[in-house]
Amino acid sequence: MKRPQGTHSLHALLFCLAYGCVWPAIAQSSPESDSGWLYRTLAIALLVIAFSSAVAYRLSRLSAALRTSEERFRLVADNAQDVLWKYDLIRQRLSYISPSIERLTGYTVEEAMRHSIEKSSSSPWTQAVRTAADYLTAHSGETSYVVELESTCKDRSTVWSESTMSIIHDAQGQALEVVGVSRDVTARRLVQEQQKRFLAMVSHEFRTPMNAILGMAELMAETKLTQEQAKYLEVFQNAGNTLLDLINDILDLSKVEAGQFKLYKEDFALARLLQTQMELLSGRAHDKGLELRLSIAADVPQFVHGDSQRLKQCITNLVGNAVKFCNVGSVGIAVEVEHDAPDMLRFSVSDTGIGIPADKLDSIFEAFSQADGRITRNFGGTGLGLTITQRLVELMEGRIWVDSTLGQGSTFRFVALLPKAEAPATTVEQLPATIPASRAFTRPLTILLAEDNQNNVFLMRSLLKDSPCQIDLAENGSIAVEKFQAGRYDVVLMDMEMPVMDGYSATREIRRIEQSRGLAQTPVIALTAHALQEDEQKSLNAGCNKHLTKPIKKKVLLEALHALTQEQPDAGSAQSRPARSGNQDMNRVIQTLGGNAEWKIEEAVTRLEVEPELFLTVLGMFRQSLPEYRLGINALLANGDFEEARRQVHSLKGEAATAGADSLSAASAALESALKNGASESYAPLHEKVNQLIDAANQALSDLPLGKPED
C-alpha cells in the first residue's frame, strides 16, 4: 500500500513544481529571453510527466482491480456446484467452463473445451447457445434465456441440465459472448417421468370404469323406461359426468404441475373453432334462457398458429363457468388483437351473473378455491377450472385476469400468443366431421394393412367386410415398404409395433419414397395401443395422417377412411349391426364374464359395434393366442431379449383390451412400461401377474361357446 501512496505523492509534487514554482517564474520572465524559454519548456515537461504518471497510475489501479475481479470470479466459478461457462460468439467455441463440468458429465475442463471445438456446428448444446443469442438479440428488453438441455456423459449416460443464459454486447451493440449457468436437473426429470407413467396408469384405471358406467347408462336411456326410472337415470348420468369431470380436472392439473403439459401447435381457423365451441355450449345456455354472443374484431386473423385443443379448453372452462353462475341475461365472447402486440390476441368472456366479491379476486385462480363455500353447494364444481386455465394461458405465453362487480357480473380476460398463419390446404378438419358408420364407400378402396398379429388382422377384415375394400396384408414394416413400392394403395393401415421394422420407420420410409418419386402422399392411419397425446404426436411426426387407439371402433375406423380418402357416403349400403343380447351364445358370454371383476365384457361389446357372431370369434381367437403369448414372452425374458418381449407384451395389451380382458390389458401395460424403461430388476412380479391373468383368462373362456374364423 505504501507504493501507491508514494506514487500519488509524486504526482502532487510534480504538479506543485509545475504550477507553484516554474509557472510563476515564467510569468515574470520575458518570452524572448533564454530563461523564459527554459522555464516554459521545463513547466511543460513537468506537466506532461505528471499527467502521464497519473494516467499510468490509474491504469495500473484499474488493471489490478480487473485482475482481482477475475480472480474472484474464477474462485467462485471453480468451486461452484453449478457449471459456469462463457461462449465466444465470434470464434464459435467455449472460452471458459468451470471444473464442475466434470461432476456433471465426467469430462474434464480440457476435454469439454476440445469437445466444443470439434462439435461446434452439430451439438444440441451449441445450437441452443446460438438460439439464445439470437433470441436475446431480437428481444432487447429481456435479459436471460432458460432452456433444458440433454447431454451425453463420458460414460454414455444421459444428463439433463437447466441452463440460464445472458448475452454480452460491445459498445456498438454487437453480441460478443453468452454467459451461462447450467444446473443438473436429471433427478427432477426422472421424477417427472415417474409422474408421467403414474398419471397414465391412473388415467387408465379411472377412465375405464367411468366410461363403462356412462356408456351403459347411455344404452339404458335408449330402452323403455318409466318416468321414475328415467329420473333416476338422469341423476345417475349427471353424477357420473360430474365425477368424470373431476377426474379429468385433477389429472390435467397434475400434468400441468408435473410439467407434462405440452403445446402441440398447428395452423387452424380461429373463427370456426370459436363457433364450434359456442354451438357445443349453447345447449346449457339456452336451457337457462341465456343469450350466447360471439364478437370477433375485423383485424383478427382468420387463421392462427397455436395449440387449438388448449385454446378450446380455456374457452370451454371460462364460458362454462359464466353459464353456470349466470341465471338471467347473457354470456359473451369477444376477441381482438392486443395493442402493440399483433401476435397476441385478447379473449374476453363476460357474463351478467352473480359476480365475485372484491376480496376474493386475488384467490380466484388458486386450486380448489371458489369465491364462497356456498357456491360448491349451490352450483357445483371443484374450483380447478380457473387454475388449469391460468396454467394453460401461461403456457401460451400470456396472462389472465378478471374484473367483477358483485351482483352485476364478471369479465375474464386473457391474452395468448397466436400469430397469424396462412390459409392451409384442405385438411381432414375441413371435411365433413361425421359420416355414419352404416354407409359404405362409393368405390372399392385398395388398403395396405401392415399388421403382424393374426387376430388383429381378422378383426380389421371383419370390421371392413361390409365395405368394398381390397386388403393387402404385410406382416411387418419392411414387407409393407416393399409392397408400397411395387403397388398403388388408397390408404395404409399401419400397426406401429411390428418386428423387423416398426410402423414409425416404415411410415418415414414411405414418405421418403413418395418424395423421391414426386408422388402425392398416400394417407397412413396409425393403429396402436399407445393412447397418450405424446404417442399420437410421435405417430404424426413419423408421417401418419391419423392416430387410432386400439381397441378400434368400427365407426371411428370408417369415419377416418372416409375423411382421408375424401369419399362420399352411399346411402344405399347395408347397416352395421352392433352386438346385442338377442344372440343366445352372446347372452351366455355376457352373463358369465359380466360378473368377473377382471373383465369389462359389456364395454368391449359396445365399443366394437360388431355382430354377436363376430365378437364371439374375436374371443375365440384371443383364447387360442393366450398359450402362445405365455410361452413366447417367458422364453424371450429368459433369454434376455427384453425388446422383443416388450413388443409381444404390447401386442397382448391391445388384444386383451379388444376382447374386454381389462385386468390383463392393464397388467400388460405395466409390464410393457417396465421393460421399455429398462427396469429389468423389477419386472419379475409384473411378469408373474401377467402369467396369472393369462391363465385366469384362459380358464374363464374355456367353457364358453366361442367362434372360429371361417377359412
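For residues in the stretch 652-687 being acidic (Asp, Glu) and out of contact with any Asp or Glu (no Cβ under 9 Å at 6 or more places or on another chain), which is modelled with the lowest pLDDT? I'd like the intermediate steps shown before the answer.
Let us first name the residues in the stretch 652-687 that are acidic (Asp, Glu), namely 655, 662, 672, 681.
Those still in the list that are out of contact with any Asp or Glu (no Cβ under 9 Å at 6 or more places or on another chain) too: 655, 672, 681.
Details: Glu655: 85, Glu672: 83, Glu681: 55.
Applying the filter and picking the extreme gives Glu681.
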- Message: Looking at the stretch 618-633, I want the residues that are surrounded by 16 or more Cβ atoms within 10 Å (Cβ to Cβ) and have a partner that is assigned to a helix (DSSP H, G or I) and charged (D, E, K, R) with Cβ atoms under 7 Å, at least 6 apart or on another chain. Which pairs are those?
- Response: Phe622/Glu655; Ser625/Glu655
- With respect to Ala597, determine if the residue is open to solvent by 20 Å² or more (accessible area, probe 1.4 Å), closer than 30 Å to Gln194 by Cβ and not in a loop (DSSP other than H, G, I, E, B). no
- Show the residue pairs that are 6+ apart or on different chains and have beta-carbon atoms under 8 Å apart, the first residue being within the stretch 315-342 and on the phi > 0 side of the Ramachandran plot, the second being outside any loop (DSSP other than H, G, I, E, B). Gly329/Glu291; Gly329/Asp351; Gly329/Gly409
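Thr382: open to solvent by less than 60 Å² (accessible area, probe 1.4 Å) and either modelled with pLDDT of 85 or more or not in a helix (DSSP H, G or I) (or both), yes or no? Even if it seems obvious, please write down each step before you answer.
On the way: open to solvent by less than 60 Å² (accessible area, probe 1.4 Å): yes; either modelled with pLDDT of 85 or more or not in a helix (DSSP H, G or I) (or both): yes.
Yes; evaluated as a whole, the condition is true for this residue.
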- Note on the structure: Filtering the stretch 470-486 down to residues that are of a type in the set (A, V, I, L, M), at pLDDT 90 or above and not in a strand (DSSP E or B) yields Ile479, Ala480, Val481
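Out of the residues in the stretch 256-276 that are modelled with pLDDT under 80 and either more than 18 Å from the chain's Cα centre (by Cα) or open to solvent by less than 100 Å² (accessible area, probe 1.4 Å) (or both), state the one that is farthest from Leu418 (Cα to Cα).
Residues of the stretch 256-276 modelled with pLDDT under 80: 256-264, 276.
Narrowing further to those that are either more than 18 Å from the chain's Cα centre (by Cα) or open to solvent by less than 100 Å² (accessible area, probe 1.4 Å) (or both): 256, 258-261, 263-264, 276.
On the way: Val256: 20, Ala258: 25, Gly259: 21, Gln260: 21, Phe261: 18, Leu263: 12, Tyr264: 13, Thr276: 18 Å.
Among residues in the stretch 256-276 that are modelled with pLDDT under 80 and either more than 18 Å from the chain's Cα centre (by Cα) or open to solvent by less than 100 Å² (accessible area, probe 1.4 Å) (or both), the one farthest from Leu418 (Cα to Cα) is Ala258.
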- Message: Residues that are modelled with pLDDT under 85 and within 27 Å of Lys555 (Cβ to Cβ): does the stretch 488-497 have at least one?
- Response: yes
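Please find, within the stretch 290-306, the residue that is nearest to the chain's Cα centre (by Cα) out of those that are crowded, with 21+ Cβ neighbours inside 10 Å and under 24 Å from Lys420 (Cα atoms). Write out each step before concluding.
If we filter the stretch 290-306 for residues that are crowded, with 21+ Cβ neighbours inside 10 Å, which is where we start, we get 290, 304, 306.
With under 24 Å from Lys420 (Cα atoms) added as a condition, the list becomes 304, 306.
Numbers: Val304: 19, Gly306: 13 Å.
Among those residues, the one meeting the criterion is Gly306.
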- Task: Taking the residues in the stretch 415-440 that are crowded, with 18+ Cβ neighbours inside 10 Å and in contact with a Pro (Cβ under 6 Å, 6 or more places away or on another chain) as candidates, determine which candidate is modelled with the highest pLDDT.
- Result: Arg439
- Can you tell me which residues in the stretch 78-91 are within 32 Å of the chain's Cα centre (by Cα) and open to solvent by 60 Å² or more (accessible area, probe 1.4 Å)? Gln81
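The values are calculated or read from the model by the stated rules, or taken from the named source; none is laboratory data. If you're wondering where the values come from, they're calculated on a predicted model, not measured in any experiment. With ideal geometry, Cβ positions are generated from the backbone for all residues, glycine too; neighbour counts draw on all protein chains shown. Heads up: the accessible areas ignore ligands, DNA and RNA and are worked out on the full protein's heavy atoms, side chains in. Shrake-Rupley method; radii C 1.70, N 1.55, O 1.52, S 1.80 Å.
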